[in-house]
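Participant: Below is one structure. I have some questions about it.
What follows draws every value from the coordinates through simple rules; no lab data is involved. None of the values given here were measured: they were computed from a predicted structure. In this analysis, Cβ positions are derived from the backbone assuming ideal geometry, glycine residues included, and neighbour counts consider all displayed protein chains.
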Amino acid sequence: MTWVEPDWPAPPHVHALTTERAASYPDDPHDGFNFADYVDDVPAKVEANRQVLVETLGLTCPPAWLEQRHGTTMLRLEGSGPKGRRAADGSVTFQDANVCVVLSADCAPVFLSDRQGSFVALLHVGWRGLVEGIIESGLAVIPGSAGEIISWVGPTISQEYFEIGHDVRCRLIENDASDEGYISPGGERYFADLPGLIVARLKRARVGYAAASRECTYGDSARWFSYRRQGLCGRMASVIWMKR
C-alpha cells in the first residue's frame, strides 16, 4: 500500500494521508486498493483492504466510515466512535483514539487541523457539497480562531478534466462572483478548478493556512481511481488521526 501525505504545517502527532490505487490492471474498475463497499466490488476484498489499512497504519481503532451523500452533515467522533456507518460528508474529533476517513475518486478530501494539533477533521467535497456549504459546516464545529486552522486539499480531479455545464457554473459562482476566475470556457462547456475553488473558500473564511495537492485523480489510472474517467470504479481512502 502506498499513499501521499499533505504538505502542511501540522505538528508531528497529526497523521494524514490519501491512499493510492496501486493498480496492476487499470482497466479493471476495482483493481487496486478499493475501500468502498458500494461499488459492486467483492465485499470480502473490500473488507480485507480495510483491514490492511488498519494494520499498515497501526491504527488502534478502525476508521469511522461514512455514508457520503454530497451534503453538509458533520459527525463528531467521541469515545470509540460511531456504531455502524453514519450518513455524513465529514467528521471531526478532539480525541486521539478516533480516525476520520472519507472516500473519493475525483471529489476532494479536505484535511483540517490547527497549529497545535488540538483536533483533526476531514471533509468530502465535490461541487455539490461545495455549493451547499460543507466547508462552512466543517469550520462551524471547530472552536477557536480560524487563523489557527490549517487545511490541505488532497488529490482530486484537475481543471484540465473537470468539464461542467452552464448550470453547474452558475451554482459554483453564486457564493462569490470572484470564483468565476477558477472556471474557464471550453466551447459550449466549461472547465472548473475544484481545488482552486475550495482553497479560495477556505481563505475567505480566514483559515490560517490553505493549500492543495497537485495530484490529479483523472490523469493517472494506475495511481488513482476516477469516476469521471471510469464511471464504475473503486475509491481511495483519506484518513487523519492523532497519535502522541
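Participant: For the stretch 32-46, which residues satisfy the criterion of being without any contact (Cβ under 8 Å) to a residue 40 or more places away in the chain and either surrounded by 12 or more Cβ atoms within 10 Å (Cβ to Cβ) or touching a helix residue (DSSP H, G or I) at 6+ places or on another chain (Cβ under 8 Å) (or both)?
Facilitator: So the first thing to find is which residues in the stretch 32-46 are without any contact (Cβ under 8 Å) to a residue 40 or more places away in the chain, and the list is 37-38, 42-46.
Result: Asp37, Lys45, Val46.
Participant: Quickly run through the stretch 214-234 and pick out the residues that are crowded, with 16+ Cβ neighbours inside 10 Å, of a type outside the set (Lys, Arg) and outside any helix (DSSP H, G or I).
Facilitator: The initial filter retains those residues of the stretch 214-234 that are crowded, with 16+ Cβ neighbours inside 10 Å, namely 215-218, 220-221, 223-227, 229-230, 233-234.
When the remaining residues are screened for being of a type outside the set (Lys, Arg), the result is 215-218, 220-221, 224-227, 230, 233-234.
Correct list: Glu215, Cys216, Thr217, Tyr218, Asp220, Ser221, Trp224, Phe225, Ser226, Cys233, Gly234.
Participant: Could you tell me which of the residues Gln68, Gln116, Gln95 is touching an Asp or Glu at 6+ places or on another chain (Cβ under 6 Å) and of a type in the set (S, T, N, Q)? So that I can check it myself, show each step before the final result.
Facilitator: Working: Gln116 fails: touching an Asp or Glu at 6+ places or on another chain (Cβ under 6 Å); Gln95 fails: touching an Asp or Glu at 6+ places or on another chain (Cβ under 6 Å).
Being touching an Asp or Glu at 6+ places or on another chain (Cβ under 6 Å) and of a type in the set (S, T, N, Q) holds for just one of Gln68, Gln116, Gln95, which is Gln68.
Participant: Moving to a separate point now. Mind checking which residues of the stretch 88-111 are touching a strand residue (DSSP E or B) at 6+ places or on another chain (Cβ under 6 Å) and farther than 29 Å from Gly231 by Cα?
Facilitator: Correct list: Val92, Thr93, Asp96, Asn98.
Participant: Related question: Looking only at the stretch 159-213, how many residues end up being charged (D, E, K, R) and part of a strand (DSSP E or B)? Before the answer, list the steps.
Facilitator: Of the stretch 159-213, the ones charged (D, E, K, R) are 160, 163, 167, 169, 171, 174, 176, 179-180, 188-189, 193, 201, 203-204, 206.
Now restrict to residues that are part of a strand (DSSP E or B): 163, 189.
Summing the residues that are charged (D, E, K, R) and part of a strand (DSSP E or B) in the stretch 159-213 gives 2.
Participant: Another question, then. Take the residues in the stretch 13-26 that are surrounded by fewer than 20 Cβ atoms within 10 Å (Cβ to Cβ) and either without any contact (Cβ under 8 Å) to a residue 24 or more places away in the chain or among the small types (Gly, Ala, Ser) (or both); name whichever of them is farthest from Ala97 (Cα to Cα).
Facilitator: Tyr25
Participant: Ok, one more. Name the one entry in Ser91, Ser113 that is buried (at least 20 other Cβ atoms within 10 Å of the Cβ), polar (S, T, N, Q) and either out of contact with any Phe, Trp or Tyr (no Cβ under 9 Å at 6 or more places or on another chain) or without any contact (Cβ under 8 Å) to a residue 24 or more places away in the chain (or both).
Facilitator: Matching residue, one of Ser91, Ser113: Ser91.
Participant: When the residues of the stretch 138-157 are narrowed to those that are surrounded by 15 or more Cβ atoms within 10 Å (Cβ to Cβ) and touching a Gly at 6+ places or on another chain (Cβ under 7 Å), which ends up farthest from Ala211 (Cα to Cα)?
Facilitator: Gly138
Participant: Return the only residue of Val46, Val92, Val52 being outside any loop (DSSP other than H, G, I, E, B) and under 16 Å from Trp241 (Cα atoms). Explain how you work it out, then say what you get.
Facilitator: Details: Val46 fails: under 16 Å from Trp241 (Cα atoms); Val52 fails: under 16 Å from Trp241 (Cα atoms).
Just one listed residue meets the conditions, Val92.
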